[in-house]
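Single-structure report; data block below.
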Amino acid sequence: MSRFDLRRIGLALAAPVMALVVSVVLVSVVLLVAGHDPVDAFRQMWEFGTQGPQLVNILNKSASYYLAALAVAIGFRMNLFNIGVDGQYQLAAMLAAVLGAAVTLPGPLHVLFIVVVAAVVGALWAGIAGVLKVYRGVSEVISTIMLNFIGGALVAWMLTPQVFANLSNNIVKTPDIPSSGWFPGFSFGDNGTVYGFIIVSALVGIAYWFVLSRTRFGFDLRATGLSESAAVASGVGVRRMVMSAMLLSGAVAGLVGMPLLLGESHSFGQDFPAGIGFVGIAIALLGRNNPIGIAFASLLWSFLDVSNQILDLLGIPKEIVTIMQGTIVLAVVVAYEFTRRLALASEQRRVAAQLGGSLEGDATPPVPAGTGAA
Amino acid sequence: MSQQTAPATERKASAETPAVRLTGITKRFPGVVANKDVSLSVRRGTVHAVVGENGAGKSTLMKILYGMQRPDEGTIELDGVPVSFSSPADAIKAGIGMVHQHFKLADNFTVLENVVLGSEPTSGGRLDVAAASRRIREISDRYGLDVDPDPLVEDLGVGERQRVEILKVLYRGARTLILDEPTAVLVPQEVEELFGALRELTSEGLTVVFISHKLDEVLSVADEITVIRRGTTVGTVLPKDTTPRKLAELMVGSELPSPETRESTVTDRAVLQVENLSVRDRDGRAVVDDVSFAIHAGEVLGIAGVEGNGQSELVDAIMGIRPATGRVVLDGVDISEESTRRRREAGVAFVPEDRMRQGLLLESPLWENRILGHQTLPPNANGVLVDRRHARTDTERIVREYDVRTPSIEVKASALSGGNQQKLIVGREMSGDPKLLLAAHPTRGVDVGAQAAIWDHLRRARAEGLAVLLVSADLDELIGLSDTLRVILRGRFVADADPATVTPEELGSAMTGAGTGTAPAAPSSRPGGHGLVGTGTTGTGDAASETAAEGGEE
Amino acid sequence: MATAVSTPPAGPAQATPARRLLPVWVRPALIWAGILILLSLTRWISGAQDITSSGTAGAALRLAVPILLAGMAGLWSERAGVVNIGIEGMMVLGAWCGAYVALDHGPWAGIVAGAIGGALGGLLHAIATVTFGVDHIVSGVAINLLGPGIARFLSSVVFTNREGGGVTQSPQVPQPSTFTVPGLSDGLASIEKHHLLVISDLAGILGGLVTNVSWMTVLAIVLVPATAFVLWRTRFGLRLRSCGENPWAAESLGVNVYRYKYLGVVSSGAFGGLAGAFLSLVASNYYREGQTGGRGFIGLAAMIFGNWRPGGLLAGAGLFGFTDALQLRQGETSVHALFLALALGLAALGAWWLYRRRTLQGVIALLAAAGSLALYLFTDTVPQQFTQTTPYVTTLLVLALASQRLRMPKADGLPYRRGTAS
C-alpha cells in the first residue's frame, strides 16, 4: 500500500477512536462522581457481554442495526437525511407480516415474497418524501419526521382487531406466518439462535459497497452528494438521483424488521421494537457511511445495548450507557470534522512540498463538510 | 507598530497631502509574493484607478488598505498620518470604505437594514428607523445615488444594489472609497450611472480608488491610473497621456502578441448549428435573445463580452444545463431536447467557467475526477460498472500529456493548484474525441505557463477538426485563438470581428456598446486596425452600436 | 447539507407597509372572522357542539403552549442561521430540570430551572455547530439521543429514592397557579349555552381563553410579542437576524457572527427548556419519560407554517393545539366535523381563486372541497389513531402547498467560518 493509503486509514480511524475514548472518559467521570467504580463497571460489562447468550443477542440486534444504518448511509452519501427509517420499517414489517400470513407459497418463495413486500413498502413510504422534495422543494428532514409519526399512526390503527390484528395471549398482533415463511437461523444450543437473515444483512452491505464504488449509478450518486453543481454539469439528472436515493434508502429501511420477523417473531405485534431508525443514524455517523465501519459500529452499539443489563446488579443505572451512546455520536462528528480539516490541510502542504514549488495564490479554500459523504 | 487612527473627520485634509499613500508595501503568502514594494499615491478628490491583470496583486493590495490583511513591510498614510489597521473595523473608523465586487447584502432585508447593520442608530433601546431613513435619504440626495431605504434588496437590480453598497460606506463616514471591479456585473447603462455617481462623489471632495482591468472604462472615468504587474507598481499615468494599447502593454509587460496570420483550419462542415436560441430569466427577460450561429469543424468561435451579457447562459443552454427555446443541432442531429448526459455522449465537451463548483469533485482523487462528465463512456465505464483500472491508466496519460503537476493520481483534486486543476479538466474534456468543445474562460486564474500549455492543446485539437466555442474575458486569448470573433451584448450578437486585424480597444468598445457614433465605413477602406463590423441592433436604442468602431490611434 | 426548506424562487415581493392601501390589521382580521364563521357553520350543520366550546378552547390553549414555545425555540435558532432539530432533547432536559427543582423550590423556580436546563442543551448544540462546524442536523439528532438518556440517568439517581418517583418519572410537583377572569368567564359561559350562530361560538372560544388559565401560559404568550420586538426592533435583533440572512455581510460590517449565533442557539435552548417545563409543571404535575411526544418537531412545523415569524408561529401553534384538543376530547365526532369545515373552507377558497382568475388553483381547491365533503358524508367517525396525526398531516400539506411563499432565513443551515468570505 502506498504511504497515502496508510495515512488515510489512520486518519479515518482516528475519529471514532477519539470519540470512543472521549465518551469512556466522560462516563467514567460521571460514574466516579456518583460513587461507582468505572473500571469495575466496564470489566463487568465486558465479561457479561461476551458470554454465549449475549453474543447471540448482539449478533441478532446487529443484523437490524446494520440495515438501518445502511439505509441512512445511502441518504447521507447523497446529502439527504432519511430520518424516516423508523416509520418505513414499521410499516414495512407490519404489512409484510400481514401479507405473509395471508398467502401460502413454497418455502423459499414465501420468504422472498415477504422480503419483497417489506422492501417495496419501505421504498414507497420514503418515496413520498422524495416526491415532496423533488417537486415541491420540501426538506426531507421535516417530511420524513412527519411521515414517521403518520406511519406510526397507520401501524397503530392497523394493529387493532378491527383491521389486521388479533388478540392472542394479551398481546395484539398479526396472524402468524406459516413455517414456509420462516428464515432458518444458526443454532448455538443453549446460547440461542442467530437469525439467518444476518447473512442477507451482510450481503446488503456488500451490495452497498459494490453499487456505490463500482457502478456508474453509484458514481453519480456520490458525485451528487459531493457537489451537486459539478454533478449537474457532468450530466447527472438530479431529480432522478434524489428519487432513486430515497427509494433505495426506503427499500433497505424496509428490511430492518426482517431479521426479527423471519427469524423469531413471525408476526408483528405491539412489542415489535421501535426506534431502530434513530440508532441507524447514530451508527451510520459512527461508521462514516462505510460498510465495514458501520458493521463495527453496529456490533459496538449492540454490545452496549446488551451488556448494560449487568449494571443493574452493580447498582449502576443502566442509563449510563445511553449517555455513552449519545456522547459517542456527538464526539465522533466533532472528531470527524477535526480530522477532515487536518487531513485536507496536510495534504495540500504535502503536495506543495513534493512539487517543490509554490502553491499559487489561489489555493483552494476548505470545502464545508457534509455528513462525511466521502 | 500600530497607532490609534484618528477619525476621518478630525484629520485636516490639505490639497497637497495625498488622501492615501502606500509606500513600499510587501505581502507574502506561503509560497508566493503577492505584493512587492508597491507604492501608490492618491490625491484627494480624484478617481484613481489601479489596473492590472488577474493575479497581479491588486486585490491583495486593496485588502491591505482595507484592513483585511496586514502588510509584511511598508507603510500606509492617510492624509499624511501613518496608520495601521488590525481589522476592517479600524479602516472603517479611519474613513475608508470598501465596495466589494461580490456584494455583501442580505436579500431579505430592506435597504435600510442592510445599510445600518453594525452601526445602527438607537433611541431608548429601539432601532431608530426614522433617523436612519432620514440619513440615508440625505446621503442619497447629496451624492445623487437615487437609493430608497424601504425596498427589499432582493427586488433591486444589480446597479441599484451596487449603489446601496456605496451608500453603506458613505453612511459610515467614508471619505475614501475603494471599488473592486465594480463594472464586472454591470450593463453599459449601469456603468454610465455608476461613473456619474463617482463624479458626484469626487466633486464633493471624496476620493475613489477604482480597481479594474477594463482599460477603456478606466480611461473614461479615472483622473490617474496606476498599473500593477506581478505584484509591483510599474507606473502611474494620466489618461490623457496614454492609450489603451500602451496601458495594456504596461500591464502585460511586453509587446502585445500581434495577431499573426495563421493557417486557417476551418472546414465547411458545420458541427454545431444554433438556431433562434433564447434563454429567459425568472422575470421573463431574455438573457439570450434569439441567437443563431454555426461553428464548423476546425473553427474556434470566440465570444467577447462583458460578464453578464448572456454568454454563460448561452453555454449552459448548449450544454443542456439551462432550459432554453430554439434549436441546437450537433453534427446534423437535433439535440435540443436531449439531457446533458446525452449531449455529452453525443460529443460535446465542457470546460466550465467555475471549475471548483462545476468542474471538479474537490474531495475526490484525481482519477475519479477524470471520470466526472464521462461516466458512461469508455475508458471510464464498462457497461454498468465503473472501469477503475482503465480510468486510472487514462488519468495517468492525461497527467503526462497535459503536464499536470501532481505527485500521484490518488491525490485529492483540492490539493492541486488552479492551473493544474484546469489542465486536468482540459485534458479530461479533450479525451474521448469530442466534436464540440465549449470552453468558458478556460485560462481564468491559471498561471502563465499552464495558460500557454492549454492554448497549445486547443490549437492542436482545432487543427484536427475540433469545433470550439470559446467564451473569455481575456481579449488576448480571444484574439489569439479565434477564427471567428463575435461580440455579445445583452444576449445578442452585435458585432463580428476579424481576429487578424481587430485591436483589443476596438473589441473592448464593442463589448461595452460604447461605439463612437460614426457612420458605418466600408470594412476594408481603412488600413490597419479596422476589423470590426456591426451586425445589428442591440435592441434597446443604443444607436452607437450600429456602427463600426474607429480604428485606434496608434 | 439539506437546509430546512430549499425554496423555489420566491414570488413577487410583498408591498412595503407604507404603500398599503389598507391598514395592516385588516387582512388578518378578515381571515380570523372568516374562520370563526366557518367553524360556527360547521358546528351548526354537523351538531358537533364541542368544536367551539370553551372546554375545547381552553384545552387548545393548554396544548398549544408547548408547541408555541418549541416553535419559538426553532425560530430563535434559525433566525441566527442554525437549524435546530434537537429541540426535543432540550425539552426533555427542561422538563426534567423543571420538575426536579420544583419539587423542593416551588413551580416558578422550576420554570427558571427548566429554561436553564434547555439552555445548556442549546449551548452544546452551539458549540458543536458554531465552533466545531458540525452539520446542524447531525448535532440535533445527537442531542435528541442525549437528552432523554441524561434525564433517565439523573432520574435513576435522584428520583428513585423519593416517594412516587422512579426511573421514568418524578414525584408529583407543585404547579404554578391559574386564574380565571371573574365576571367575564361566567358571562361568556352563559352566552355559549344558547348555541347561537357565531355569537355563542365566539363566546365559547373567548370563555375558554379566560378560564383556568395558567400564569405560565400568560408568560408564554407574552414572549411572542417580546420576541417580535427584540428581533425586529432592536439593534441586537437586527444583528442576530443578519447572521441568518448573510453572515458574511454582517462580518464585513464588524458584527461578531459567532457571538450572535451562540446567543441565538442558547436562547433557542432556553425556549425549548420552557416548553418542557410547561409539560412537566402545567400540563401535568410530574415529569414523565416520553412526555414531549414529538412536540419539538410539531413546533418546527408551526415555525415553518408561520413563515419564521412569531405572529404566524402563534397562529400555527393555535391551529395545532386546536386540532389536538379536538381529538383528545370527543375525537371521533369533532375531527369528523372538521372534514366539513375543510370542505366549506376549500370551497370558499376555490371560489375566491376562480374570481381572481387563478383557474387551475381554484379548480383544484373545489375538487379537494368535494373530496372532503364526500369523506364527511360517507364516514361517521375518524379512528382515533388518525386524528392524532392531524398536526403532522397539516404540516406536510402546508409545506407541500405553500413552499413558494415561505421565506426561510437565507443563510439558515449554511456552515459559516470567519474569514471565508469571497
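The values are calculated or read from the model by the stated rules, or taken from the named source; none is laboratory data. Predicted model only: the values in this text are computed from it and were never measured. Virtual Cβ from ideal backbone geometry, glycine too; neighbours counted across all protein chains shown.
Tabulated data for the structure shown
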read-out	value
Odd one out for B:Ala324, checked against (1) in contact with a helix residue (DSSP H, G or I) (Cβ under 8 Å, 6 or more places away or on another chain); (2) within 14 Å of chain A (Cβ to nearest Cβ)	(2)
Failed criterion for A:Thr339 (all others in (1) out of contact with any helix residue (DSSP H, G or I) (no Cβ under 8 Å at 6 or more places or on another chain); (2) more than 27 Å from A:Asp37 (Cα to Cα) hold)	(1)
Boolean, C:Ala203 is within 14 Å of another protein chain (Cβ to nearest Cβ), hydrophobic (A, V, I, L, M, F, W, C) and under 29 Å from C:Gly34 (Cβ atoms)	no
Subset of the range B:273-292 (residues that are closer than 15 Å to B:Leu438 by Cβ and either buried (at least 18 other Cβ atoms within 10 Å of the Cβ) or among the acidic types (Asp, Glu) (or both))	B:Val274, B:Leu277, B:Val279, B:Val288, B:Val291
Unique residue being within 30 Å of C:Thr52 (Cα to Cα) and of a type in the set (S, T, N, Q) when the list is C:Asn161, C:Asn212	C:Asn212
Failed condition for A:Ser213, given (1) at the interface with another protein chain (Cβ under 9 Å from one of its Cβ atoms); (2) closer than 17 Å to A:Ala118 by Cα; (3) of a type in the set (Ser, Thr, Tyr)	(2)
Any chance A:His36 is of a type outside the set (S, T, N, Q), surrounded by 17 or more Cβ atoms within 10 Å (Cβ to Cβ), at pLDDT below 85 and more than 23 Å from A:Phe296 (Cα to Cα)	yes
Qualifying residue in the range C:118-136 (condition: away from chain A (no Cβ under 14 Å) and closer than 26 Å to A:Gly35 by Cβ)	no
Filtered residue count, the range C:285-332, keeping only those that are among the basic types (Lys, Arg), in contact with a helix residue (DSSP H, G or I) (Cβ under 7 Å, 6 or more places away or on another chain) and farther than 26 Å from C:Leu36 by Cβ	1
Where a residue in the range B:341-367 is among the aromatic types (Phe, Trp, Tyr) and its partner, wherever it lies, is in a helix (DSSP H, G or I), with Cβ under 7 Å and at least six apart	B:Phe350/A:Ala233; B:Phe350/B:Met319; B:Phe350/B:Glu429; B:Trp367/B:Ala391; B:Trp367/B:Arg392; B:Trp367/B:Thr395
Residues being touching a residue at least 40 places away in the same chain (Cβ under 8 Å) and of a type outside the set (A, V, I, L, M) - total across the range B:370-407	6
From the options B:Asp496, B:Asp542, residue that is at negative phi, surrounded by fewer than 22 Cβ atoms within 10 Å (Cβ to Cβ) and modelled with pLDDT under 85	B:Asp542
Candidate set from the range B:338-372 (those that are closer than 20 Å to B:Ala324 by Cβ and of a type in the set (Gly, Ala, Ser)); member that is nearest to the other protein chains (Cβ to nearest Cβ)	B:Ser339
Any hit, the range A:287-300, residues being within 14 Å of chain C (Cβ to nearest Cβ), closer than 15 Å to A:Tyr65 by Cβ, part of a loop (DSSP other than H, G, I, E, B) and not small (Gly, Ala, Ser)	yes
Matching option when the condition is within 28 Å of A:Ala343 (Cα to Cα), among the aliphatic types (A, V, I, L, M) and under 28 Å from the mean Cα position of the chain (by Cα), among B:Val351, B:Val426, B:Val411	B:Val426
Selection within the range B:266-285 - closer than 15 Å to B:Leu466 by Cβ and under 30 Å from the mean Cα position of the chain (by Cα)	B:Val266, B:Val271, B:Leu272
Residues being within 11 Å of chain C (Cβ to nearest Cβ) and either touching a residue at least 24 places away in the same chain (Cβ under 8 Å) or assigned to a helix (DSSP H, G or I) (or both) - total across the range A:101-159	28
Qualifying position, being within 21 Å of A:Val232 (Cβ to Cβ) and surrounded by fewer than 24 Cβ atoms within 10 Å (Cβ to Cβ), among B:Val386, B:Val426	B:Val386
Candidates C:Ala119, C:Ala142 - the one that is at pLDDT 95 or above and touching a Ser or Thr at 6+ places or on another chain (Cβ under 9 Å)	C:Ala119
Residue check for B:Ile335: within 13 Å of another protein chain (Cβ to nearest Cβ) and either closer than 23 Å to B:Ser472 by Cα or under 29 Å from the mean Cα position of the chain (by Cα) (or both)	no
Selected residue [within 13 Å of chain A (Cβ to nearest Cβ), out of contact with any Phe, Trp or Tyr (no Cβ under 6 Å at 6 or more places or on another chain) and surrounded by fewer than 22 Cβ atoms within 10 Å (Cβ to Cβ)] from B:Val404, B:Val399	B:Val399
Among residues of the range B:105-124, those that are at pLDDT below 90 and either of a type outside the set (Gly, Ala, Ser) or surrounded by fewer than 17 Cβ atoms within 10 Å (Cβ to Cβ) (or both), counted	6
Residues satisfying the stated conditions in the range C:136-170, i.e. within 19 Å of C:Asp104 (Cα to Cα) and without any contact (Cβ under 8 Å) to a residue 12 or more places away in the chain	C:Ser156, C:Val157, C:Thr160, C:Asn161, C:Glu163, C:Gly165, C:Gly166
Single residue of C:Ala99, C:Ala95, C:Ala60 found to be buried (at least 24 other Cβ atoms within 10 Å of the Cβ), under 13 Å from the mean Cα position of the chain (by Cα) and under 27 Å from C:Trp215 (Cβ atoms)	C:Ala60
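Yes/no matrix, rows are residues, columns are (1) under 19 Å from the mean Cα position of the chain (by Cα); (2) of a type outside the set (D, E, K, R); (3) under 28 Å from C:Ala109 (Cα atoms):
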{"residue": "C:Ser252", "(1), (2), (3)": "no, yes, no"}
{"residue": "C:Phe271", "(1), (2), (3)": "yes, yes, yes"}
{"residue": "C:Leu274", "(1), (2), (3)": "yes, yes, yes"}
{"residue": "C:Ala283", "(1), (2), (3)": "yes, yes, yes"}
{"residue": "C:Gly296", "(1), (2), (3)": "yes, yes, yes"}
{"residue": "C:Gly306", "(1), (2), (3)": "yes, yes, no"}
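One line per residue, one yes/no per condition, for (1) within 14 Å of chain A (Cβ to nearest Cβ); (2) over 29 Å from the mean Cα position of the chain (by Cα):
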| residue | (1), (2) |
| --- | --- |
| C:Ala151 | yes, no |
| C:Leu154 | yes, no |
| C:Phe159 | yes, yes |
| C:Phe179 | no, no |
| C:Leu188 | no, no |
| C:Ile191 | no, yes |
| C:Gly208 | no, no |
| C:Asn212 | no, no |
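Table: residues versus (1) under 19 Å from the mean Cα position of the chain (by Cα); (2) surrounded by fewer than 23 Cβ atoms within 10 Å (Cβ to Cβ); (3) of a type outside the set (A, V, I, L, M, F, W, C).
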{"residue": "A:Tyr66", "(1), (2), (3)": "yes, no, yes"}
{"residue": "A:Ala73", "(1), (2), (3)": "yes, no, no"}
{"residue": "A:Leu95", "(1), (2), (3)": "no, no, no"}
{"residue": "A:Leu99", "(1), (2), (3)": "no, yes, no"}
{"residue": "A:Thr104", "(1), (2), (3)": "no, yes, yes"}
{"residue": "A:Leu112", "(1), (2), (3)": "no, yes, no"}
{"residue": "A:Arg136", "(1), (2), (3)": "no, yes, yes"}
{"residue": "A:Ser139", "(1), (2), (3)": "no, no, yes"}
{"residue": "A:Phe164", "(1), (2), (3)": "no, yes, no"}
